[in-house]
Amino acid sequence: MDRTLGIGGSDAKRIIDGDWHSLWLEKTKRVEQVDLSDVLPVQIGIATEKLNLDWLEKKLIKEEYEHTEIKRDITLEQKDFMMSHLDGLIEDANIVVEAKHTYENNNLENVAQYYYCQMQHYMMHSGANETYLTVFFGNRNHEWASIESDPEFQEKLYKAEMAFWKFVEEDKEPTDFAPIEQPKEIKLDGMRTLDMKDNKEMNILIDSLKEVKP
């Protein structure tokens, strides 16, 4: 897949982050795309992708999920400027599967936050309402969660991608762009993670529990 012919999932994050100029240089072939063949974390993620998807399949079967079979290595048909290469797809339920490998002390919330744009791009392109994010942490732990489609954010993302691609098509250096804020509280399995350390009511309840706890 020639990545200069459209916008992919990893490009989506760069657009949201405001990295338009360097991405434009790559898409217009003014500079070579970054060579990731010597980036160890990237290569570990590639090397463990099959095992990651196999591991998720085993968990889905064990937990008696209705949809378990993951089709691998899917390239979606290009739609306008949108390009997507999916790690996996549960076809009968139209659920995107995204496999990641990260360091041992990371957590699922951070991974979901970092790859949120990429997953929303894939759901927008495929029409899926859900992504299964499956993650290896170091070599000792595996976690996964469902991430929902976010139509409100996808609309912002699509407009930003369309605006960026116009610069590519017109071979015009991008100007007047800025980072776009993505949701700070991402739902994992339909639930948000909230920091309650400064919540007065929660702290009163905790103090009360400590007083009565034997």
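The values are calculated or read from the model by the stated rules, or taken from the named source; none is laboratory data. Every value quoted in this text rests on a predicted model; they were computed, and no experiment measured them. Note that each Cβ is placed from the backbone with ideal geometry, even for glycine, and that neighbours are counted across all protein chains shown. For the accessible areas, the whole protein counts, side chains as well, though only heavy atoms, and no ligand, DNA or RNA atoms are used. Shrake-Rupley method; radii C 1.70, N 1.55, O 1.52, S 1.80 Å.
Summary table
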| read-out | value |
| --- | --- |
| Number of the exception - Trp144 against (1) farther than 21 Å from Gly88 by Cα; (2) in a strand (DSSP E or B); (3) of a type in the set (Phe, Trp, Tyr) | (1) |
| First in the stretch 51-69 and under 14 Å from Glu91 (Cβ atoms), second anywhere and open to solvent by less than 100 Å² (accessible area, probe 1.4 Å) and in a helix (DSSP H, G or I), Cβ under 7 Å, 6 or more apart | Thr68/Glu57; Thr68/Leu60 |
| Residue list for the stretch 37-51, filter: more than 20 Å from Ile74 (Cβ to Cβ) and assigned to a loop (DSSP other than H, G, I, E, B) | Ser37, Asp38, Val39 |
| Near pairs, Cβ below 9 angstrom, 6+ apart or cross-chain, from the stretch 27-45 (under 17 Å from Asn139 (Cβ atoms)) to any residue that is open to solvent by 90 Å² or more (accessible area, probe 1.4 Å) and not in a helix (DSSP H, G or I) | Pro41/Tyr103 |
| Given (1) in contact with a helix residue (DSSP H, G or I) (Cβ under 7 Å, 6 or more places away or on another chain); (2) over 22 Å from Lys79 (Cβ atoms); (3) part of a helix (DSSP H, G or I); (4) of a type in the set (A, V, I, L, M), index of the condition Leu23 fails | (2) |
| Identity of the residue in the stretch 179-194, open to solvent by 60 Å² or more (accessible area, probe 1.4 Å) and modelled with pLDDT of 80 or more, that ends up farthest from Ala145 (Cα to Cα) | Pro179 |
| Yes/no for Glu57 being more than 28 Å from Pro183 (Cβ to Cβ) and part of a helix (DSSP H, G or I) | yes |
| Test: residue in the stretch 84-91 that is farther than 30 Å from Glu169 by Cβ, open to solvent by 20 Å² or more (accessible area, probe 1.4 Å) and not aromatic (Phe, Trp, Tyr) | yes |
| Filter result (of a type in the set (A, V, I, L, M) and in contact (Cβ under 8 Å) with a residue 24 or more places away in the chain) within the stretch 3-26 | Leu5, Ile7, Ala12, Ile15, Ile16, Leu23 |
| Selection count where residues are of a type outside the set (Val, Ile, Thr), open to solvent by less than 80 Å² (accessible area, probe 1.4 Å) and more than 19 Å from the chain's Cα centre (by Cα), scope the stretch 58-77 | 3 |
| Criterion violated by Thr48 - all others in (1) open to solvent by 70 Å² or more (accessible area, probe 1.4 Å); (2) touching a residue at least 40 places away in the same chain (Cβ under 8 Å); (3) under 19 Å from Val97 (Cα atoms) satisfied | (1) |
| Candidate set: the stretch 1-26, residues that are touching a Ser or Thr at 6+ places or on another chain (Cβ under 7 Å) and among the small types (Gly, Ala, Ser); chosen: the one surrounded by the most Cβ atoms within 10 Å (Cβ to Cβ) | Gly9 |
| The lone exception for Lys29 - which of (1) on the phi < 0 side of the Ramachandran plot; (2) open to solvent by 90 Å² or more (accessible area, probe 1.4 Å) it fails | (1) |
